[in-house]
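The values are calculated or read from the model by the stated rules, or taken from the named source; none is laboratory data. Values in this document were obtained by computation on a predicted structure and should not be read as measured data. With ideal geometry, Cβ positions are generated from the backbone for all residues, glycine too; neighbour counts draw on all protein chains shown. Calculation scope for accessible area: heavy atoms of the full protein, side chains included, ligands and nucleic acids excluded. Shrake-Rupley method; radii C 1.70, N 1.55, O 1.52, S 1.80 Å.
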Amino acid sequence: MNDLFPEPLPDGITLLPRQADAVALLPLIDAIAAMSPPRHLTVPGGGSMSVAMTNCGMLGWVSDRSGYRYDRIDPLTGRPWPAMPAAFTELAAGAAAQAGFAGFMPDACLINSYAPGARMGLHQDRDERDFAWPIVSVSLGLDAVFLIGGTRRADPTRALVLADGAVLVFGGPARRMYHGVRPLKAGHHPLLGARRLNLTFRKAG
Ligand code: MD6
Ligand code: FE
C-alpha cells in the first residue's frame, strides 16, 4: 500500500513495486548515456528543463524552441539513438502484460535523470501515435513523489511515491491524465547516489 494514495489507483494505472533491478539496468543506462549524453532540453517557451534527458530505441522524444516531437536522430550527436537493450524491452513488455496490455512493443525509451531539486511539471503525454498503448515507467534510485491529476490541467492531483524498482503502467483512461513529479528531495541511494532515474517506454510511432 502507498500511504499517500490510500484509495485504489485510478483506472488504467498499475503499480508493480520492486519490479526493476537497478544493479542490472544501470550499466545499460550508462552505456546509452555514453553514446547519447543526458541533456537539459529547451522548451518552446525558451526555458530549459531541470530534468536531464536522453533516449534509446528507434525514436527519441525531444524538445526545442519549435516544439516537442519524436525523432529517429539525436539532435545532439546527429546520429540515431542507441538501440534499446533487450532487457529493457522484456521488462516493459512483461510489466505491460501483467497490467493487461499484452503485445506491448516499445519503440522509444525516454530516460530522465533527476538531481535534487529537479522536477517535472504537470503534463499529458500526447506525442505518441496510438493512445491505446500504455506508457510503462520504471523508477530507479531516490524516491519520487508522482502527481496524478485528471484530464484537465486544473484538476486536483493526488500523490504516489515511486520508489527504487517501481514500475508503473499508465494506460486505458489514465493515459490522458495530467501527471508530474515534485522536486526531488536530497538523499543517497547506494548505487545511484543523489539521483533518480526514470525510464518511460512508449509505442510512439
Ligand atoms: C517521471 N514520468 O516519473 C516522469 N509519463 O520522471 C512521466 O512523465 C510519465 O511516469 C507517462 C506515464 C508514466 C510516467
Ligand atoms: Fe509523462
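Between THR42 and THR151, the contour length at 0.36 nm per residue exceeds the Cα-Cα span by 36.7 nm. Taking the helices alone, the chain has a mean residue ellipticity at 222 nm of -4000 deg cm²/dmol, built from -39,500 (n - 2.57) per DSSP H run of at least 4 residues and averaged over all its residues. Ranking LEU28, LEU191, LEU91 from most to least accessible surface, computed with a 1.4 Å probe over the protein chains only, gives LEU191, LEU28, LEU91. Here the label points at ARG72 and ALA31, each 7 Å from Cα along the C-beta direction, are separated by 2.3 nm in the simple model. Based on Cα contacts under 8 Å between residues 6+ apart, segment 17-79 shows a relative contact order of 25 percent.
Compared with the direct C-alpha span, the chain from LEU9 to LEU122 gains 38.9 nm at full extension, assuming 0.36 nm per residue.
Sequence gap at least 6, Cα distance under 8 Å: using those rules, report the relative contact order of the chain to the nearest whole percent.
Working: 496 pairs, mean separation 56.6, N = 205.
The value is 28 percent.
When only the Cβ of Lys, Arg, Asp and Glu is charged (+1, +1, -1, -1), the dipole of the chain relative to its Cα centre reaches about 500 debye.
Simple spin-label estimate for ALA186 and VAL23 gives 3.0 nm between the two label positions (7 Å along the Cα-to-Cβ direction from each Cα).
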